[in-house]
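I have placed the structure first, in the form of structure tokens, so that the comments after it can refer back to it.
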Amino acid sequence: MNAEESMELDRLLFVEEPSEPDEPRVHAAWLPPEAFRALGARRVLIHGDGLLVDTVLDEVSRACARYGGRVWHSPSWDVDVDLVFALRGADELPSLSVRAARAAGEAALAETGDGAPLGDEGFLLARDGDVTVVLADAPAGLLYGLFHVVRLCAAAFDPARPAERHRPALRRRMLNHWDNVAVHPVMGQVERGYAGGSIFWQEGRPRGDRARLREYARLLACTGVNAVSVNNVNVGRTEALLLTDRLGDVAEIADVLRPYGIRVHLSVSFAAPMILGGLPTADPLDDAVRAWWAATTRRVYERIPDFGGYLVKADSEGQPGPFSYGRDHADGANLLAEALAPHGGVVHWRAFVYNHHQDWRDRSTDRARAAYDHFAPLDGRFRTNVVLQVKYGPVDFQTREPVSPVLAAMPATRLAVELQVTQEYTGQQRHVCHLGPWWSEVLRFAPWGPGGRTIADVVTGEAAAGGGLVAVANVGDDRFWTGHPLAQANLYTFGRLAWDPRRDPAEVLDEWITLTFPPSATADPDLVRQTLHEIMDDSWRSYERYTAPLGVGFMVNPGDHYGPGVDGYEYTRWGTYHFADRDGVGVDRSRASGTGFAAQYPPYWAKVYESPESCPDELLLFFHHVPYGHVLHSGSTVIQHIYDTHFAGVEEVVAMRRRWQTLNGMIDPSVYERVAERLDEQVRCATEWRDQVNTYFLRKSGVPDERGREIH
Ligand code: GCV
């Protein structure tokens, strides 16, 4: 690519003019100006009023200014248009073509679906002759309709395109930022953040970069995300103040995110009445405590009328909670829910509660059991504006875990699944590890047995009253947002799966590729698409192959959780052990001889997981301690499987790097270079994993690799 071509690409793929000449521009991720070409070249009419309609108008105006189209906002004269965005309740307009398009949209609406309303966020897209029409009942629907048109590109204007209606399956699609306001001495500005500093906070103050936040909001709105919590669930002293003295900082963020349909939520400390209110207790049944929360919450809503609610990590890893007062988590969550209820707010209460001072000698305590043991007995006791937020697995965001049994145990509770977009245990945005297929597996899991209701059904709930989908965010002030440019796809995919948890993740990835690497800005779009699929589609499984085997988990370096540390956690207090000895490896979680965790599942899976014979290979060591010679369903022994997958995993990463090199000169050089540099690190780190894991098990077991490969 020559310098001129490179400048042209820069123009098409980056946003924001830098204020200093040598300051790098922020990558536009999946909304490069080029993605708006098809829309921006059209004559567009926007009809309706409201903050989010203004956002649509602004987006379309910018696209039209760039690509030569025209835009009107509800004119009082007749106009010829190619595209109409209209609120259904808006007045008639004099334009004949607009009237016809709206009528066609209404007719299509009557024909499609079951007559259910489009709702607060849904939209319909239809064609009438040469005109495309997007109808919505509410402004947010028009905004989501706009991004749908962007995704479709020219296909949105295909005369043969049948009408389609869309509404999100899940009401709340939320990102949790683990961003600290003050820099934490160990965790830094962002806990488990792999993309630089926070976009919200910097060394104790708001960062104040409204342009960047606005860009973030539009990226999220394009995926469908509609809620963001802006501070770490571990709430320190400075962060606690966001609820009161520093509420203005939160209000400023809310002002920037609001035009994109995103509500702000806040992580709060359960001890806030003591820390902030000077009360002698935070006991959830104490009247003064209840009054404090009610008054404080009222003040929050006076300042931020559309405030989303609170997120709470209680009695977990040192955070305060109701246990200190002999109360349970329903008492704790209901206290906050009661304060939020008059304002329509919701409390996300995390189920991540376990003993983090375990004795590794004690084989009877099982961290995997903890969430179920604490929460399942409380089913039915939570107020309706409590969402119990459950990590997808029973332990902690591992590359492979069974789906948390809590999700099948609380039919009378609103449940949300918590995913981790930030790649704490999956390569920390230094490795390509596309998590869409993993999340999709979780969402499609049928906890009551094949063919039954799925996790997607649980979080959707009856009449969409489920708890929704939540994820820990992965962005920072990095110029590519996510450190690894390909990690942007995880953020995009999360939003799209939260909009529709039944979608095929490969299709979502394809969508991301088309937006991020617009075919019109690439010399060989097919090669780019195919190469990215080859690199990313199976990258989560490759990561799994070269790291902890067969669901046993962890084996990472304690503290930073990066790279191999096979015995790193084996003799610690954290409850994450693999119990490898000279004869075998794995954790016995059976009912018959182990911790009994397997029995927390409904009968179908309890039976499957109970026996090493029926347990799926990929979870064998999560549920069972087996000899190295145990034969898997694949036909391989456990020890040979460990060797084979670790060799294969590294070879796959080497192949990824080779494939990426074929894109040199074909895509934006800065993206190319960043990914190339990270792939070098991935090859290095995967090799380290392979050699440490293989050597460890060769030394423990004394069983040689049957293929005689080099193990150290
Ligand atoms: C925010 C894991 C992480 C912690 C995190 C915790 C949680 O343990 O390592 O950094 O704390 O999960 O989900 O609360």
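Couplings 3J(HN,Hα) of the range 519-524, computed from phi: x, 6, 10, 10, 5, 10 Hz, in residue order, whole Hz [Karplus 6.51 cos²θ - 1.76 cosθ + 1.60, θ = phi - 60°; x for Gly and Pro]. Between the listed residues Leu220, His646, Pro322, the Cα displaced farthest toward the positive end of the dipole of the chain, a dipole computed from Cβ unit charges relative to the Cα centre, is found at Pro322. Among the protein heavy atoms of the range 295-339, carbon and sulfur supply 42% of the accessible surface, probe 1.4 Å, non-protein parts ignored. Shown for the range 491-530: the carbon plus sulfur share of the solvent-accessible area, taken with all protein chains present and a 1.4 angstrom probe, equals 49%. In plain terms, the C-alpha convex hull of the range 520-670 casts an average shadow of 12.3 nm² when viewed from every direction. The convex hull built on the alpha-carbon positions of the range 616-659 has an orientation-averaged projected area of 3.5 nm².
Per-residue accessible area (protein heavy atoms, 1.4 Å probe) orders Thr482, Thr365 as Thr365, Thr482, starting from the largest.
Farthest towards the positive end of the charge dipole of the range 316-458, among the residues Thr399, Leu335, Val347, is the Cα of Thr399, using unit charges on the Cβ of Lys, Arg, Asp and Glu. Each residue of the range 81-94 was assigned a 3J(HN,Hα) from its phi angle through the Karplus expression (A = 6.51, B = -1.76, C = 1.60, θ = phi - 60°), giving 9, 9, 9, 10, 10, 9, 7, 5, x, 6, 4, 5, 10, x Hz with x at Gly and Pro.
The alpha carbon centroids of the range 64-83 and the range 592-654 are separated by 60 Å. Taken one residue at a time, the phi angles of the range 253-267 give Karplus couplings (6.51, -1.76, 1.60, θ = phi - 60°) of 5, 4, 4, 7, 7, 3, x, 9, x, 10, 9, 9, 10, 10, 7 Hz. Gly and Pro are set to x.
Under 5 Å between amide hydrogens, built in the peptide plane, is the criterion, and for Trp201 it picks out Arg207 among residues at least 5 positions away or on other chains. Only helical runs count toward this figure. For the chain, summing -39,500 (n - 2.57) over DSSP H runs of n ≥ 4 and dividing by all residues gives -11000 deg cm²/dmol at 222 nm. A dipole drawn for the range 406-491 from +1 and -1 charges on Cβ atoms has a positive end, and of Leu443, Val421, Leu491 the residue lying farthest that way is Leu443.
Computed about its Cα centre, the charge dipole of the chain is approximately 1040 debye, with only Lys, Arg, Asp and Glu carrying charge at their Cβ.
Using only the C-alpha atoms, the convex hull of the range 57-157 corresponds to 99 Å³ per residue.
In the context of the full protein assembly, Trp448 retains an accessible surface of approximately 110 Å², using a probe radius of 1.4 Å and ignoring ligands and nucleic acids.
Shown here: the range 331-378, whose C-alpha atoms stretch 49, 19, 14 Å along the first, second and third principal axes, sorted largest to smallest. Rolling a 1.4 Å probe across the protein heavy atoms gives the range 152-255 an accessible surface of 36 Å² per residue. The convex hull drawn around the Cα atoms of the range 260-326, when projected onto a plane and averaged over every direction, covers 5.2 nm². Size of the range 106-152 from its Cα atoms: along the principal axes, largest to smallest, the extents are 26, 26, 14 Å. Taking amide H positions as modeled 1.01 Å from N, with prolines and chain starts lacking one, the residues under 5 Å from Leu419 and 5 or more places away or on another chain are Val470, Ala471, Val472. What you get for the range 190-286, charging only the Cβ of Lys and Arg (+1) and of Asp and Glu (-1), is a dipole of about 440 debye around the Cα centre. Taking a temperature of 10 °C and a viscosity of 1.306 mPa s, what whole-number D in µm²/s does Stokes-Einstein yield for the chain with Rh from Kirkwood over alpha carbon pairs? In µm²/s, the coefficient rounds to 59. The amide H of Ser229, built 1.01 Å from its N in the peptide plane, has Leu175, Asn176, His177, His265 as neighbours under 5 Å, considering only residues 5 or more places off or on other chains.
Residue-normalised convex hull volume from the C-alpha trace of the range 242-379: 131 Å³ per residue. Where both partners of a DSSP beta bridge lie in the chain, what percent of those bridges are antiparallel, to the nearest 5? Roughly 30 percent of the beta bridges in the chain run antiparallel, per DSSP. Please give the FRET efficiency for Asp49 paired with Asp287, using the beta carbon to beta carbon distance and R0 = 51 Å, rounded to the nearest 0.05. The calculated FRET efficiency here is 0.70. With bins 10 Å wide beginning at 0, the percent of Cα pairs of the range 112-243 falling in each bin runs 11, 32, 23, 18, 12, 3, 0. Panel values: the range 432-558, Kirkwood radius from alpha carbon pairs, Stokes-Einstein at 37 °C and 0.692 mPa s, translational diffusion coefficient 201 µm²/s.
The charge dipole of the range 412-493, taken about its Cα centre with unit charges on the Cβ of Lys, Arg, Asp and Glu (plus for the first two, minus for the last two), comes to roughly 100 debye. Over every Cα atom in the range 485-607, the radius of gyration and the widest Cα-Cα span, Dmax, amount to 20.1, 61 Å.
The values are calculated or read from the model by the stated rules, or taken from the named source; none is laboratory data. The structure displayed is predicted, hence computed values, not measured ones. So basically every Cβ, Gly included, is an ideal-geometry build from the backbone, and we count neighbours across all protein chains shown. Please note that ligands, DNA and RNA were not included when accessible areas were found on the heavy atoms of the full protein model with its side chains. Shrake-Rupley method; radii C 1.70, N 1.55, O 1.52, S 1.80 Å.
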